[in-house]
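So the structure is just underneath, and the comments pick up after that.
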Amino acid sequence: MAMSSWFSRLRCSSKCFFNSLALRTSVSRKLVRTQTTINSESTRNPFLFWSRSLLPIALAVSAGSLALHPQSDPSLCEAPSVNSRAELVVKGSHKEVPRELIDELKAICQDNMTLDYEERYNHGKPQNSFHKAVNIPDVVVFPRSEEQVSKIVNSCDKHKVPIVPYGGATSLEGHTLSPNGGVCIDMSLMNRVKALHVEDMDVVVEPGVGWMELNEYLEPYGLFFPLDPGPGATIGGMCATRCSGSLAVRYGTMRDNVISLKVVLANGDVVKTASRARKSAAGYDLTRLVIGSEGTLGVITEVTLRLQKIPQYSVVAVCNFPTVKDAADVAIATMLSGIQVSRVELLDEVQVRAINIANGKSLPETPTLMFEFIGTEAYSREQTLIVKKIASEHNGSDFVFAEDPETKKELWKMRKEALWACFAMEPNFEAMISDVCVPLSCLAELISRSKQELDASELICTVIAHAGDGNFHTVILFDPNNEEHRQEAQRLNHFMVHTALSMEGTCTGEHGVGTGKMKYLEQELGMEALKTMKRIKAALDPNNTMNPGKLIPSHVCF
């Protein structure tokens, strides 16, 4: 098949399905420069309460619901749950927020706070999230500076009122739920680029900056930030969940791309975790301690990020396979060949069908691999031809590649919007999403065993994988009003997690723990590791006000 005719299928002649979802998925953020080594400019973003109702774009995942209530003695614990299935609503206790604290927050934030029920509801129960909690925040504050965050946190600690940091609301595991009520700290107004150091290839930003907006800002300087999670994600939340994305196979995860942080601890103290040097052996690595802590140790107020040069040239290739195992085998063989791919993404035939339905396309509905090769023009093409040979040895067919910028952009747009495409098949259903990751050599077996189970289910299930690093997602569509559907979705998710753990994998490759994955941590990490986490938490947050009920199971004692 000619390359031009194959890629012509990507052109959608009618209005794209995603236009109807635009308000659900897009968040407009304007980056503000306060200082760069090139130019200096400062502006101020208006405070828009209405925009917050547009932020939640999270799809849902199975929810574990053991909630850690604020308590003065963190060594106390609850009995472990005897129910291995995820409960549907995250439990918690609620105590009325003192009027004195409300007055203090008003003095700190002025008009940038709200007690409005709709606003609190939107922050506590995102519209598109499978996770729910028994309570919502009592108040939502919108700090504009690190100083305000410090004062807010200090006041909450003094009154022993829970705090829930809130970023782009794109997390999938219930990280921003407020099962105990309390104060939600929305970081969206802290969205400035504070300093860009072009020669050092790093940038200092506030946590409310979105990764997509940051890359728009960096593009004129020939630089970009390489992590690419879901649209709408912000840098602070990306640090908190230790996220990654499709480019992690080349550039690493969030922990590899953050140089230093500034963090407000539970008592209001501000800690700088490292210098701006690219490497350091000075003391404990506090930066990596905070990355992935999901707001349970502190509130991130500043991030220094490692940047990359925009590639000189890139090629995107697509290849079809008779089975997902064949596709996974090619991904593994490609990595073992030593080729420096920047992306290796796998879609099964059900996911491709969803894309066709959503966009009016006619792509071959077979398991598909998508590659991206970067470097010089000659090097990128050479890599492409090598992988084409590898694919042909594993039953690959219709291997085509694109070098045109618009075609490449549309290909990755199709991949990025794959989750939303699933709802074209069942618009009134909800989705549960798995996020397992295994050693690369185990990926083909994991996908094969999972695919057999998924295909045998009555539910519609799609497969999406960051195949270059062993990270595997499934989107499980179910009727939220059908209890049998809910239980089947939970069973499938449970099966995939335990299969991954049996292969020395993890229950979460990039989405984080939140409330949904706590029940798997003891099997994955062991009780001693969880006790160590609990000790760290107790030392830094003795009143347990920082995002309680997340990450560490409540039955862990020390």
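The values are calculated or read from the model by the stated rules, or taken from the named source; none is laboratory data. These numbers come from a predicted model, not from an experiment. Cβ placement follows ideal geometry from the backbone for every residue including glycine, while neighbour counts extend to all protein chains displayed. Each accessible area value is taken on the protein alone, full model and side chains, heavy atoms only, with ligands, DNA and RNA left out. Shrake-Rupley method; radii C 1.70, N 1.55, O 1.52, S 1.80 Å.
Things to note:
- Estimated vicinal HN-Hα couplings, Hz - segment 114-121 in sequence order (Karplus 6.51, -1.76, 1.60; Gly, Pro = x): 8, 10, 4, 5, 4, 5, 5, 5
- 3J(HN,Hα) from dihedral phi, segment 160-172, Karplus parametrisation 6.51/-1.76/1.60, rounded to Hz, x for glycine, proline: 6, 9, x, 10, 10, x, 9, x, x, 6, 9, 5, 10
- Probing with 1.4 Å while keeping every protein chain in the model, the per residue accessible area of segment 89-186 equals 37 Å².
- Under the combined filter of DSSP loop state and at most 16 neighbouring Cβ atoms within 10 Å, segment 88-143 retains these GluC sites (Glu not before Pro): GLU96.
- Translational diffusion coefficient of segment 313-502 (Stokes-Einstein, Kirkwood radius from Cα pairs, 4 °C, 1.567 mPa s): 77 µm²/s.
- What the Cβ-Cβ distance of LYS409 and GLN523 gives, at R0 = 41 Å and to the nearest 0.05, is a FRET efficiency of 0.50.
- A DSSP coil position with no more than 14 other Cβ atoms inside 10 Å describes the following GluC sites (Glu not before Pro) in segment 334-398: GLU393.
- The apolar share of the surface of segment 139-227, taken as the fraction of accessible area on carbon and sulfur atoms (1.4 Å probe, ligands and nucleic acids excluded), comes to 47 percent.
- Segment 89-186: proportion of alpha-carbon pairs further apart than 17 angstrom, %: 46
- Label zone at GLN340 (point 7 Å along Cα-to-Cβ), backbone N below 14 Å, segment 237-280: 249-252
- The relative contact order of segment 193-309, computed from alpha carbon pairs under 8 Å that lie at least 6 residues apart in sequence, is 33 percent.
- Each label point was placed 7 Å from the Cα along the Cα-to-Cβ direction; for ARG255 and GLU426 their separation is 3.5 nm.
- Portion, in percent, of the accessible area of segment 244-292 that falls on carbon or sulfur, probe 1.4 Å: 50
- Each part reduced to its alpha carbon centroid, segment 118-174 and segment 441-489 end up 31 Å apart.
- The accessible surface of segment 373-524, taken with every protein chain in place and a 1.4 Å probe, is 49 percent carbon and sulfur.
- Per residue, the solvent-accessible area of segment 207-358 (1.4 Å probe, heavy atoms of protein chains only, all protein chains present) comes to 34 Å².
- Packing rank of 354-363, 482-491, where each peptide gets the mean count of other beta carbons within 10 Å, highest leading: 354-363, 482-491
- Extending 7 Å from the Cα toward the beta-carbon at both GLU453 and ARG381 defines two label points whose distance is 4.6 nm.
- Normalising by residue count, segment 193-309 has a Cα convex hull of 99 Å³ per residue.
- A simple spin-label model places the labels of VAL198 and ALA107 4.6 nm from each other, with each point 7 Å out along Cα-to-Cβ.
- Between amide H atoms placed 1.01 Å from N, distances below 5 Å from LEU223 occur with ILE310, all of them 5 or more places distant or on a separate chain.
- Couplings 3J(HN,Hα) of segment 207-219, computed from phi: x, x, 6, x, 5, 6, 5, 4, 5, 5, 5, 7, 3 Hz, in residue order, whole Hz [Karplus 6.51 cos²θ - 1.76 cosθ + 1.60, θ = phi - 60°; x for Gly and Pro].
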